[in-house]
Every structure is written in C-alpha cells, then in structure tokens.
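J.: One structure coming up, written as structure tokens, with questions to follow.
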Amino acid sequence: MTASSAMASKAHEDDRAPPIFRESLVKLMRAHDSYGVWERMPDEEILKGFVLSREQRRAIPVIGEPDSKVLWRIEIFYTAVSFAITRRTGFDATPIIKISGEGFGRVVVIVGRLVVLSRALRDVHRFGFDTEDALIQAGEAMFDEALAAIERFPAVARDD
C-alpha cells in the first residue's frame, strides 16, 4: 500500500472521531504525566494550558528568556503535529525546533529527506491560542499542509 492510498483510506474514517491532531496532542500530554495527575482529567482541561486570551498574551512581557513551560508547550505542540503525521502516514516525522533567548526561532518538520513544515517563531513568550478550537484548527492546518507535501513528493518522504 502506498502512502497516498494509506492516507486516503484513513481519511474516510468515522467523521465523529476527534481530529487526529487533537487526539495526538492529548496523548502526548498524558504521556508526560508521570504522576498520574491528568489520568482522570478531561481532555479539555489538559488543553487549557495552550489557551490564552488576547488580553492574557498582551500582559506577558517579551523581555528576557522565554519561560520553560512555554518552551515545553511549543515543543509538545509541534511534536503532536509530527506524531499525527507519523500515525497517519507510517513515515517517521521529526520536529526540529531552534529558539533563541530572545524568543525568536524556527520549527521544521522532516519526513525522510523532505521538509513537510517550516514555521518562523516570533514572540514565543506569548505562545498560545484564543480558544481550544483555534488550537485544533492550527494543528490540523499544519498536519494537512504536511500531508500535501508528502503526497506531492512521496519518494523524498520515503527517503528512496
């Protein structure tokens, strides 16, 4: 089965299932819970750390090093995109994240020899989304962009 046919067959799964990015993000968050605190917590509660209102983001100063919790959320977010890509395609997707002490940087996600996603990061001190829906839409859009790149260049993604 080729990558395109595998992706197409999975694309027709039950429409009521949660978006693959959301499911991947929740799984990763739960996997990092070594003490079982989040075990019984609803998914919405786990995702709250990614949701910041515009007012909350504006109140965060962009001076100094980004907070380690923010850097961790950025890492988890892009790892979830990569995890969703791997789950859907069967190809290993690897995020590479480089952030300076001033809060600027770049994220690339690589599958085989193919860069399937590239994003510039600015003001990472204020990383967050207005709503959970905005979080999921952003992750799903990046996931879709990566799938399109893999479908366009499958031989490069397979690393033939």
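J.: Of everything in the stretch 112-135, what is surrounded by fewer than 19 Cβ atoms within 10 Å (Cβ to Cβ), assigned to a helix (DSSP H, G or I) and hydrophobic (A, V, I, L, M, F, W, C)? Give them in sequence order.
T.: ALA134, the sole residue that qualifies.
J.: May I ask you to say which residue of GLU39, GLU45, GLU23 is surrounded by fewer than 12 Cβ atoms within 10 Å (Cβ to Cβ), modelled with pLDDT of 90 or more and not basic (Lys, Arg)? Steps first, answer last, please.
T.: Working: GLU39 fails: modelled with pLDDT of 90 or more; GLU23 fails: surrounded by fewer than 12 Cβ atoms within 10 Å (Cβ to Cβ).
Of the residues listed, the single one that is surrounded by fewer than 12 Cβ atoms within 10 Å (Cβ to Cβ), modelled with pLDDT of 90 or more and not basic (Lys, Arg) is GLU45.
J.: Out of everything in the stretch 45-101 that is among the acidic types (Asp, Glu) and not in a helix (DSSP H, G or I), what residue ends up being farthest from PHE127 (Cα to Cα)? Even if it seems obvious, please write down each step before you answer.
T.: From the stretch 45-101, those among the acidic types (Asp, Glu) are 45, 55, 65, 67, 75, 92; that's our starting set.
Okay, now just the ones that are also not in a helix (DSSP H, G or I), so 65, 67, 92.
Numbers: GLU65: 13, ASP67: 10, ASP92: 26 Å.
So the residue we want is ASP92.
J.: Return the pair list, or none, for Cβ contacts closer than 6 Å from residues in the stretch 85-114 that are within 13 Å of ALA149 (Cα to Cα) and of a type in the set (A, V, I, L, M, F, W, C) to residues that are at pLDDT 95 or above and in a loop (DSSP other than H, G, I, E, B), at least 6 apart or on different chains.
T.: Matching pairs, first to second residue: VAL111/PHE91; LEU114/PHE153.
J.: Going through ARG126, ARG113 one at a time, which residue ends up being farther than 17 Å from VAL26 by Cα and modelled with pLDDT under 95? Walk me through how you get there before you give the answer.
T.: On the way: ARG113 fails: modelled with pLDDT under 95.
Selected residue: ARG126, the only one of ARG126, ARG113 that is farther than 17 Å from VAL26 by Cα and modelled with pLDDT under 95.
The values are calculated or read from the model by the stated rules, or taken from the named source; none is laboratory data. These numbers come from a predicted model, not from an experiment. All Cβ positions, glycine included, derive from the backbone under ideal geometry; neighbour counts span all protein chains shown.
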